[in-house]
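> I have a structure here, written as structure tokens, and I will follow up with some questions on it.
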2 protein chains.
Amino acid sequence: MQEGDKNIIYVGKKDTMAYVLAVVSQFNQGINEIHVKARGRSISKAVDITQIVKNRFMPNMLIKGIDISTEDVASEDGRMSKVSSMDITITKP
Amino acid sequence: MQEGDKNIIYVGKKDTMAYVLAVVSQFNQGINEIHVKARGRSISKAVDITQIVKNRFMPNMLIKGIDISTEDVASEDGRMSKVSSMDITITKP
């Protein structure tokens, strides 16, 4: 993890709860703003993660903004295709 | 479809393009604001739908807001469980 990347959580193939714990842990380390980022099918998981953090662990958590966009990704055979992406910005008051 | 529901598209199991065409068709009928709603795994599809409408059909389309929440749903055996939901509000200038 590089300096400056610390407040970004990239949602991938791990269990939902692994990311929930990563978010809660970063907030507890004093970070006040976290971006939860996901692409493609992981977008649904990113929404689950933020909702579980809020409902079970940090009811004061705020959803500051949600951005959706389209990214170009290279597939294994080198062709480019488009994938939807989402960036949920959450903050701790 | 009931009067007043016309500007809500509920994303379910149909192909993504079926919903894309529904959105474009409603905009072309003169509706200026549409809610694209989805729950659970369909959330990723809802994001795809809005991005395809914007990128391929209506570049002027604006994403007015994105809300995420948690809903209680009854499963087939009657037990309640929680599911994430999303409401993307899109407008035509």
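> Can we say B:D72 is surrounded by fewer than 17 Cβ atoms within 10 Å (Cβ to Cβ) and at pLDDT below 95?
In short, yes.
> Run A:I63 past the list (1) within 12 Å of another protein chain (Cβ to nearest Cβ); (2) among the hydrophobic types (A, V, I, L, M, F, W, C); (3) buried (at least 20 other Cβ atoms within 10 Å of the Cβ); (4) touching a helix residue (DSSP H, G or I) at 6+ places or on another chain (Cβ under 8 Å) and report the number of the one that doesn't hold.
Every condition holds for A:I63 apart from (3).
> Separate question: Grab the strands (runs of 3 or more DSSP E) fully contained in chain B, keeping just those with 1 or more residues being closer than 20 Å to A:S42 by Cβ and aliphatic (A, V, I, L, M).
B:33-39, B:62-74, B:80-91
This table checks each residue for (1) among the charged types (D, E, K, R); (2) in contact with a strand residue (DSSP E or B) (Cβ under 8 Å, 6 or more places away or on another chain); (3) modelled with pLDDT of 95 or more.
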{"residue": "A:Q2", "(1), (2), (3)": "no, no, no"}
{"residue": "A:T16", "(1), (2), (3)": "no, no, yes"}
{"residue": "A:Y19", "(1), (2), (3)": "no, yes, yes"}
{"residue": "A:A22", "(1), (2), (3)": "no, yes, yes"}
{"residue": "A:V36", "(1), (2), (3)": "no, yes, yes"}
{"residue": "A:K45", "(1), (2), (3)": "yes, yes, yes"}
{"residue": "A:V53", "(1), (2), (3)": "no, yes, yes"}
{"residue": "A:I63", "(1), (2), (3)": "no, yes, yes"}
{"residue": "A:G78", "(1), (2), (3)": "no, no, no"}
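> I'm checking my understanding of the structure. Among residues of the stretch B:75-93 that are among the polar types (S, T, N, Q) and within 11 Å of chain A (Cβ to nearest Cβ), which one is surrounded by the most Cβ atoms within 10 Å (Cβ to Cβ)?
So, considering only residues that are among the polar types (S, T, N, Q) and within 11 Å of chain A (Cβ to nearest Cβ), the one surrounded by the most Cβ atoms within 10 Å (Cβ to Cβ) is B:S84.
> It is to be established whether one or more residues within the stretch B:15-32 are among the small types (G, A, S) and within 14 Å of another protein chain (Cβ to nearest Cβ).
Checking the stretch B:15-32: not a single residue is among the small types (G, A, S) and within 14 Å of another protein chain (Cβ to nearest Cβ).
> Tally time: how many residues in the stretch B:48-93 are touching a His at 6+ places or on another chain (Cβ under 7 Å) and polar (S, T, N, Q)?
1
> Moving on. Any residue in the stretch B:52-74 that is more than 17 Å from B:S85 (Cβ to Cβ) sitting within a Cβ distance under 9 Å of a residue that is part of a strand (DSSP E or B) and of a type in the set (G, A, S)? List the pairs, counting only those 6 or more apart or interchain.
Short answer, once both residue conditions are applied: B:I52/A:S84.
The values are calculated or read from the model by the stated rules, or taken from the named source; none is laboratory data. In this text the structure is predicted, and so the values were computed from the model without any measurement. Note that we place each Cβ from the backbone using ideal geometry, even for glycine, and neighbour counts take in every protein chain shown.
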